[in-house]
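The values are calculated or read from the model by the stated rules, or taken from the named source; none is laboratory data. These numbers come from a predicted model, not from an experiment. Positions of Cβ are generated from backbone atoms using ideal geometry, with glycine treated the same way; all protein chains shown enter the neighbour counts. Side chains included, ligands, DNA and RNA excluded: accessible areas come from the protein's heavy atoms. Shrake-Rupley method; radii C 1.70, N 1.55, O 1.52, S 1.80 Å.
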Amino acid sequence: TTTARKSLKRQLAAGAAAAGSFAIAAMRNDLLPSTHAPSMARSAGQALQHDAAPSAELRGTLSSQDAPGKSWAGLASAIFAGVTAGWAATHSRTKRKARAKVASAAAKTGDKMSLFSPAKVNLFLRIVGRRPDGYHDLASLFHTVSFGDTLDMEVLPTEAPKDELTCNLPGVPTDESNLVIRALNLFRKMSGETARFRLNLQKSTPAQAGMGGGSSNAAAALFGANALCGRPATNQDLIKWTEDPVIGSDATFFLSEGTAYCTGRGEVITPVGALPVPANMPIFLVKPRVGLSTPKVFKAMDLEGLDKTPPEELLRIFQEKGIDHETWVNDLETPAFKVAPELGELKQFLAKDGSFNFRAVLMSGSGSTIYAIGEPKGGEEAFKKAVKDKFNIEGIWRANLVRRAGDEWYKAPTASP
């Protein structure tokens, strides 16, 4: 509580002031070598930074004309250093402890929340080089869509030994290999919070789809844990923590407002404002049953044969024109179509052979989802039937580009199956 913290602060300050006074008195009586003074003087400095009134001996020595010259100079310097350097460390520890105490008090057993975990599409994706660590540097415009999963969270009793995760899809791991549990472990490590959670993950976003499903789940878990614990971390803190690749390269993006220019492995995000795209513009997410292994796609990629359009130029085009242009680039399409030729056939059908007249058709991420923007000629039902009659399709979902505002999370929309 506030009262308890103030009491502890007074006790620590009083002890530090006494230690500082003792150091001064000992030096004046030649009982303490001046080389030992700094460590004890830091205690006096800490007393001052806690706004504690120094003892009469300390006050007197500060104004004394007969204080030992060289020894006192060293002591005074050490006190000043204690006030400046010591303050930063002590204040940081105090702030973290205070946040942890507030968080612990806020995480009440039984508190619940339900979070929409949106999928994403890449409006463009350029591969700009290979990194020394084996990853590839990319430059991509990410955008969240109104299709995704639902994560229900509940605070468990304080004696709970671990998080409890269930999922509607068989085969999805529910142990610590799941990105949701990894995200919660990261949250506890970085925040000092100890709460455990019961979670139910309702998956709609398919695996190996290029839509960031697992990373989105991890970001939702981070946001939810932070909210249920009284927000001990800022959104910027959460973004910084997600730079840890243990929870997926795309997790950082989902903590943006839904539109971001992403570089590095995808974890370096530059927020982008809303694009000039009508809010009701449909985007159809077409997921064939074939899945793609991201490492296989990258292995099949020819760095020398990639598109040469500067990613900054692509970003400018989208910011100025929205979807009203012909510059749609995903450097991973060519290698993905080598690995799974049926994907290339699907894109060709959506973009041309089917005569649906979409505004744009592109693969998302490393596949295997192909998205098509706009209303299909002939109507939605005829379009879905034509695609499913010709290809082995896992699902076709109608969605829109969506964003979130400020500290709010993404609102759960209704997406057509």
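Alpha carbon centre of segment 145-186 versus segment 300-377: separation in Å?
Measuring centre to centre over Cα atoms gives 33 Å.
Go through 249-261, 108-120 and give me the packing order, highest mean Cβ count within 10 Å leading.
Highest mean packing first, the order is 249-261, 108-120.
Could you run the Karplus curve 6.51 cos²θ - 1.76 cosθ + 1.60 with θ = phi - 60° over segment 262-267 and give me ³J(HN,Hα) per residue in whole Hz, x for Gly and Pro?
Rounded to whole hertz, the list is 10, 10, x, 7, x, 8.
Under the classification rounded if a/c is under 1.5, otherwise prolate if a/b is larger than b/c and oblate if not, where does segment 321-375 fall, given a ≥ b ≥ c as square roots of the Cα gyration tensor eigenvalues?
Oblate, because a/c is 1.5 or more while a/b does not exceed b/c.
Which order do 149, 389 take when ranked by solvent-accessible area (1.4 Å probe, heavy atoms of all protein chains), largest first?
389, 149
What residues qualify as long-range amide H neighbours of residue 137, i.e. H under 5 Å apart, gap of 5 or more or another chain, H built at 1.01 Å from N?
Answer set, sorted by chain and number: 128, 129, 130, 131.
Exactly which GluC sites (Glu not before Pro) in segment 337-411 are in a DSSP loop and have at most 14 other Cβ atoms within 10 Å?
Taking segment 337-411 and a limit of 14 other Cβ atoms within 10 Å, the loop GluC sites (Glu not before Pro) found are 408.
Separation between the residue 189 and residue 412 pseudo-spin-labels, each 7 Å from Cα along Cα→Cβ, expressed in nm?
Going from the residue 189 label point to the residue 412 one covers 3.0 nm.
Can you tell me which aspartates and glutamates have their Cα less than 17 Å from the Cα of residue 287? Leave out same-chain residues fewer than eight positions away.
Of all the aspartates and glutamates, those that pass the test against residue 287 - Cα under 17 Å, at least 8 places apart if same chain - are 149, 333, 342, 345, 380, 381, 389, 394.
Mind grabbing the accessible area of residue 203 for me, 1.4 Å probe, Å², rounded to tens?
30
Considering only DSSP states other than H, G, I, E and B, which GluC sites (Glu not before Pro) in segment 98-178 qualify as loop sites with at most 12 other Cβ atoms within 10 Å?
Qualifying residues, ordered by number: 159.
How large is the Rg to Rh ratio of segment 127-228 when both quantities use alpha carbon positions and Rh follows Kirkwood?
Answer for segment 127-228: 1.02.
Rounded to a whole number, what % of the accessible area of segment 115-262 do carbon and sulfur atoms account for, probe 1.4 Å?
Result for segment 115-262: 50 percent of the exposed heavy-atom area is carbon or sulfur.
Along the charge dipole of segment 269-412, which of 370, 344, 291 sits closest to the positive end, that is, farthest toward it, with unit charges on the beta carbon of Lys, Arg, Asp and Glu (+1, +1, -1, -1)?
Of the listed residues, the answer is 291.
What number do you get for segment 219-350 when its Cα radius of gyration is normalised by 2.2 N^0.38 Å, N = residues?
1.25
Could you give me the ³J(HN,Hα) list for segment 327-333, computed from phi with Karplus coefficients 6.51, -1.76, 1.60 and θ = phi - 60°, whole Hz, x at Gly and Pro?
9, 10, 10, 9, 5, 8, 5
Show 169, 228 ordered by accessible area, largest first, where the area counts protein heavy atoms only and the probe is 1.4 Å.
Result of the area sort, largest leading: 169, 228.
Could you order 385, 189, 321 so the one with the most accessible surface comes first? Probe is 1.4 Å.
Accessible-area ranking of 385, 189, 321, largest first: 189, 385, 321.
Can you flag which of 347/411; 203/384; 347/377; 296/321; 120/203; 120/321 are past 25 Å Cα-Cα?
347/411; 296/321
Suppose the chain between residue 299 and residue 320 were pulled fully straight at 0.36 nm per residue; how much longer would it get relative to their current alpha carbon spacing?
Extra length from residue 299 to residue 320 when fully extended: 4.1 nm.
Evaluate E = 1/(1 + (r/R0)^6) for residue 377 and residue 160, where r is the Cβ-Cβ distance and R0 equals 45 Å; express this FRET efficiency to the nearest 0.05.
0.25
Considering only protein heavy atoms, what is the solvent-accessible area of residue 301 at a probe of 1.4 Å, reported in Å² to the nearest 10?
Estimated to the nearest 10 Å², residue 301 gives 20 Å².
For a quick check: with amide H placed at 1.01 Å from N, whose amide H comes under 5 Å from residue 149's, ignoring anything fewer than 5 positions away on the same chain?
117, 119, 204, 205
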